[in-house]
Amino acid sequence: MATASSSIPQPRLPAATETVRRNRILSSKLYFDVPLAKVPVIYSPSYDIAFLGIEKLHPFDSSKWGRICQFLIKEGVLDKNRIVEPLEALKDDLLVVHSESYLASLKSSLNVSIIVEVPPVAFLPNWLVQKKVLYPFRKQVGGSILAAKLAKERGWAINVGGGFHHCSAEKGGGFCVYADITLCIQYAFVRLNISRVMIIDLDAHQGNGYEIDFSNDSRVYVLDMYNSQIYPFDYEAKRYIDHKVELVSGTKTKEYLEELDKALEVARNNFDPQLVIYNAGTDILDGDPLGRLKISPEGVAIRDEKVFRFAREKDIPLLMLTSGGYMKTSARVIADSITNLSKKRLIDMEVLQSRK
């Protein structure tokens, strides 16, 4: 198990490589000062993917992110003028984690189509794939990275997007092209003076990407609760989970929440994080074709509330990523859950206080 020791051993890169990585992080423009008049909710219209109708061939709801915000704005929970728009993660930003060869592979439309699992993409010119598919993902990566800074300052942050937990430094998969969780943590290590991060991954799928990336890094504690009977079946990555809860298809709300309570208690007793990254996939919903669990919308709201209370009780900054969810109802469920968090005063959409 990872510990909270201040002298945690860290994996060592060659000195030159580590220096280059640090310099890239320090020179990045993805961290910028956000006025207190803004709330720590991060979104850009560029998140949403639409091109030639091809997005309709994909199981992912590529307009989910925008509709979440629309629901919150319509119901008066969120003022559209107070949303934070992130910058795009550029090549130098991505090279903090990804290799030149991996990024070069994304210049092939065929390679991109394999990762996002939309075969027609393979026949499109790369400039169009870059603009209509990869640019939205890079904006979401910028949002995930900025969310850590905002969480540290405000106590919480929500990137209405991100959570690409199947992507590692050298390999994409499962609709995940860039390793935003790994990038977010590497930036936090350098820019926020943080050395202990807990990932709470409650997407229906195992978060194998960052698990591989942090396989030998005891600064990162992983709590991963997922359906063991679905993709990605990554048995190597499972070895690097500090506390795993393997569910089976058809798990219902009551059992799910009971397992979550026990898992959070184990995490509470085994690690003292300075930052919590919450991967809050809604593919656990009953009826989701890829998650195959049977959790009610109310169960999702209770789940999110439990995780936010976990962080609030220990005064730990928390950032939430929306991750997977493959039904049109997911946007409504996420918006309702954020509304519930606001009503329960676990997030504050009105009165903002700096936490520096």
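The values are calculated or read from the model by the stated rules, or taken from the named source; none is laboratory data. The shown structure was predicted, so the numbers you read here are calculated from the model rather than taken from an experiment. Heads up, the Cβs are rebuilt from the backbone with ideal geometry, glycines too, and the neighbour counts pull from every protein chain shown.
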task: Tell me which residues, restricted to the stretch 249-270, are out of contact with any strand residue (DSSP E or B) (no Cβ under 7 Å at 6 or more places or on another chain) and crowded, with 18+ Cβ neighbours inside 10 Å.
output: LEU264
- prompt: In this structure, does VAL118 turn out to be hydrophobic (A, V, I, L, M, F, W, C) and touching a Ser or Thr at 6+ places or on another chain (Cβ under 7 Å)?
  reply: no
message: Considering only the stretch 179-197, I want to know if a residue exists there that is surrounded by 24 or more Cβ atoms within 10 Å (Cβ to Cβ) and under 20 Å from LYS306 (Cβ atoms).
response: yes
- request: With respect to LEU285, determine if the residue is surrounded by 15 or more Cβ atoms within 10 Å (Cβ to Cβ), more than 17 Å from PHE310 (Cβ to Cβ), in contact (Cβ under 8 Å) with a residue 24 or more places away in the chain and not acidic (Asp, Glu).
  value: yes
Scope the stretch 229-273; condition of a type in the set (Ser, Thr, Tyr) and over 20 Å from the mean Cα position of the chain (by Cα); matching residues: TYR235, SER249, THR251, THR253, TYR256
- prompt: From the list SER109, SER105, SER99, which one is surrounded by fewer than 19 Cβ atoms within 10 Å (Cβ to Cβ), without any contact (Cβ under 8 Å) to a residue 60 or more places away in the chain and not aromatic (Phe, Trp, Tyr)?
  reply: SER105
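With the stretch 150-254 as the region, which helices (runs of 4 or more DSSP H) entirely inside it contain at least 2 residues that are of a type in the set (Phe, Trp, Tyr)?
It comes to 180-191.
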Leading residue by the ranking (modelled with the highest pLDDT) among those in the stretch 52-85 that are over 23 Å from ILE338 (Cα atoms) and of a type in the set (A, V, I, L, M, F, W, C): LEU57
task: Working only within the stretch 313-325, note down all residues that are under 25 Å from VAL141 (Cα atoms) and surrounded by fewer than 22 Cβ atoms within 10 Å (Cβ to Cβ).
output: ILE316
message: Between ILE316, ILE338, which is in a loop (DSSP other than H, G, I, E, B), closer than 22 Å to ARG154 by Cα and modelled with pLDDT of 95 or more?
response: ILE316
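Considering only the stretch 42-51, I want to know if a residue exists there that is under 30 Å from GLY174 (Cβ atoms), at pLDDT below 95 and in contact with a Leu (Cβ under 9 Å, 6 or more places away or on another chain).
yes
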field: Residue pairs meeting the criteria (Cβ under 7 Å; at least 6 apart or on separate chains; first closer than 20 Å to SER62 by Cβ, in the stretch 320-349; second of a type in the set (Phe, Trp, Tyr) and part of a loop (DSSP other than H, G, I, E, B))
entry: TYR326/PHE60
